[in-house]
1. Take every DSSP beta bridge with both residues inside the chain and express the antiparallel ones as a percent of the total, to the nearest 5.
2. How do 51, 132 line up, fewest other C-beta atoms within 10 Å first?
3. Quick check on the stretch 96-154: take the gyration tensor over C-alpha atoms, sort the square-rooted eigenvalues as a ≥ b ≥ c, and tell me if it's rounded (a/c under 1.5), prolate or oblate.
4. Considering Cα pairs under 8 angstrom that are at least six residues apart, work out the relative contact order of the chain and quote it in whole percent.
5. Could you point to the residue in 101, 3, 80 farthest towards the positive end of the chain's charge dipole, with +1 and -1 charges on the Cβ of Lys/Arg and Asp/Glu respectively?
6. Find the cysteines in the chain that fail to meet the 4.7 Å Cβ criterion with every other cysteine, and list them.
7. When a footprinting reagent is the concern and you count Cβ atoms within 10 Å, what order do 106, 81 take, fewest first?
8. Among 91, 65, 185, which residue has its Cα furthest toward the positive end of the charge dipole of the chain, with +1 on Lys/Arg Cβ and -1 on Asp/Glu Cβ?
Amino acid sequence: MGMLTPDDMENIAAICRKYDVPVAKVTGAQRLAFLGMPTEQLEALRKELNIPDKLPHTRNRVHYVQACPGSEWCKYGTGNSLALGGEIEKLELDGPLPYKVKVGVSGCRMCCCESWIRDVGLISQNKGWKLIFGGNGAGRPRIGDVVAEDLNDEDAVALVEKCLNFYIRNAKFKTRSARFMERFGIDELKKGLFG
């Protein structure tokens, strides 16, 4: 979720100098990309960082979780988005996801993690978390549907898991959640979750 200690940053800077990395970028997914390197240098850097050539297949996990600093680090935060995001990252689902799933956890209503346009979005409000499902920010953008509000942390994680398992059982392979929700609809999703 993009959290780095000063030691992490010093280690990254040392590696960038060692491999003559022209530019390191924090991506929209809160990952670190090393840009402008020749392939052979990039391979050596990957080995030093113990990053395998092919990452293990993780289709029964979310693609990534983006979380803002939340109540722990931001004066506007009303919810601990980092802790909640960490719990969602750990979810092991009932099977492989139909397609990649991006999660945005925003610790306040300013919605810094663009939760409305993520496959799964959570926004902290005064009485708990608002859960949104089926958003997309790509070429065919879609504002997600509100599934539930006023959820505590435990209920929010449990409901995210239920939403994703419902998506697994009912969506066609390679269908993003936005296209699934356009076809399926919020009423059918709620019936399947709460019904």
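Values in this text are rule-based calculations from the coordinates and carry no lab data. Treat the numbers as computed from the prediction; the structure is a model and nothing was measured. So basically every Cβ, Gly included, is an ideal-geometry build from the backbone, and we count neighbours across all protein chains shown.
1. Working: 15 of 23 bridges.
Within the chain, antiparallel bridges account for around 65 percent of the total.
2. Working: 51 11, 132 26.
Ordered by Cβ neighbours within 10 Å, fewest first: 51, 132.
3. prolate
4. Numbers: 353 pairs, mean separation 28.1, N = 195.
Dividing the mean separation by the residue count of the chain yields 14 percent.
5. 101
6. For the chain, the answer is 16, 74, 108, 111, 113, 163, because their Cβ atoms have no other cysteine Cβ under 4.7 Å.
7. On the way: 106 28, 81 32.
Ordered from fewest to most neighbouring Cβ atoms within 10 Å, 106, 81 come out as 106, 81.
8. About the Cα centre, the residue reaching furthest to the positive side is 185.
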